[in-house]
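Trainee: Can you read through this structure? Questions will come right after.
The values are calculated or read from the model by the stated rules, or taken from the named source; none is laboratory data. Since this is a predicted model, take the numbers as computed values, not measurements. Here the Cβ is made from the backbone with ideal geometry for all residues, glycine too, and neighbour counts use every protein chain on show.
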Amino acid sequence: MAGRTPAEAVQNFLGPLQQAISCVTRTVLVSSGYHPRQDEEPHLLTLGESPARLNSNPRLFLSVTMHYHVVEAPGERGPWKVSIAAYLYSLDDEQGQEILAFHWHPRGRSSVTSPHLHIGPGAGVQYQQLQGAHIPTGRVALEDVLRLAIRELGVRPLRRDWADILDRTQRAFEQWRTWPAPDHPLGP
Amino acid sequence: MATKATATNGQVHYLTPEEGRALFDRQARRYLKMSGDEFIRRWDAGEFDDNPDRPEVMRVAMLLPLGRKNAR
């Protein structure tokens, strides 16, 4: 997301994410800031109350953490933009056991640096080798996970216009992201 | 809870460094039963390198930018 200032770029990035989050929980995003950093440490955003309890039966709990950089960018993507550097989206059961987790952490200590999915013990999958396996995915948007939670996992949305909001905020995200590009095979 | 933000107008709450470290410490205690400082010490010593993908380790590790003293 672009902005005339670093603060505006971050607000343009976080605002739609907050809207998307509001489809399933009243908790709000918290962020470490918007100042460009010289030390390559990322900023991050996460949920103010994490994991956030979702409106579902059985109960599900959502965790979201994203790393991002605020960088200068040329052309219409600038003069300032937010570049996502890592993400973690997960859904847990009521016992705190992870059911699903979508990860991308290219600079972490894990040997797997491409986007992937974990099937956790909360999913109750019997095939032992899946525990801890890194199942390849494309880049996953937060909206994809929220839509999955609502459409497939029985989470009741908190607003009637949830589908429109998720479509709109995801479209905006995909318009500005640099990978995969919109015409990439993994793109929309 | 310092980070229990309640804004609903699309505004996002920016954490102060102190709030960030408190959030990091709280999550380290929640997921790993240790303080944030202890997690950083053990992380830097490589004590989680055998399986950094453990869900509870990854969740705290992703919050490390909040926990470092030079955060911000």
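Here's the yes/no breakdown for (1) facing chain B (nearest Cβ under 9 Å); (2) at positive phi:
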residue: A:Arg26; (1), (2): yes, no
residue: A:Pro42; (1), (2): yes, no
residue: A:Ala52; (1), (2): no, no
residue: A:Tyr87; (1), (2): yes, no
residue: A:Asp92; (1), (2): yes, no
residue: A:Gly96; (1), (2): yes, yes
residue: A:Ser111; (1), (2): yes, no
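Trainee: Name the pairs whose Cβ atoms lie under 6 Å apart, with the first residue in the range B:18-32 and of a type in the set (S, T, N, Q), the second surrounded by 20 or more Cβ atoms within 10 Å (Cβ to Cβ), and 6 or more positions between them or separate chains?
Mentor: Sorted first by the residue in the range B:18-32, then by its partner, the pairs are B:Gln27/B:Val60; B:Gln27/B:Leu63.
Trainee: If I ask for residues that are within 19 Å of A:Leu62 (Cα to Cα), part of a loop (DSSP other than H, G, I, E, B) and hydrophobic (A, V, I, L, M, F, W, C), which ones from the range A:119-168 would you list?
Mentor: Within the range A:119-168, A:Val140, A:Ala141, A:Leu153, A:Val155, A:Leu158 qualify.
Trainee: Only one of (1) within 17 Å of B:Met62 (Cβ to Cβ); (2) part of a loop (DSSP other than H, G, I, E, B) fails for A:Ser56. Which number is that?
Mentor: (1)
Trainee: Count, please, the residues in the range A:1-24 that happen to be among the hydroxyl-bearing types (Ser, Thr, Tyr) and either within 9 Å of another protein chain (Cβ to nearest Cβ) or free of Cβ contacts under 8 Å to residues at least 40 places away in the same chain (or both).
Mentor: Here the count works out to 1.
Trainee: Has the range B:28-35 got at least one residue that is at pLDDT below 95, in contact with a Ser or Thr (Cβ under 8 Å, 6 or more places away or on another chain) and within 21 Å of A:Trp104 (Cα to Cα)?
Mentor: Looking through the range B:28-35, none of the residues is at pLDDT below 95, in contact with a Ser or Thr (Cβ under 8 Å, 6 or more places away or on another chain) and within 21 Å of A:Trp104 (Cα to Cα).
Trainee: Tally the residues that are farther than 16 Å from A:Leu44 by Cβ and either facing chain A (nearest Cβ under 8 Å) or not acidic (Asp, Glu) (or both), restricting the search to the range B:44-68.
Mentor: 10
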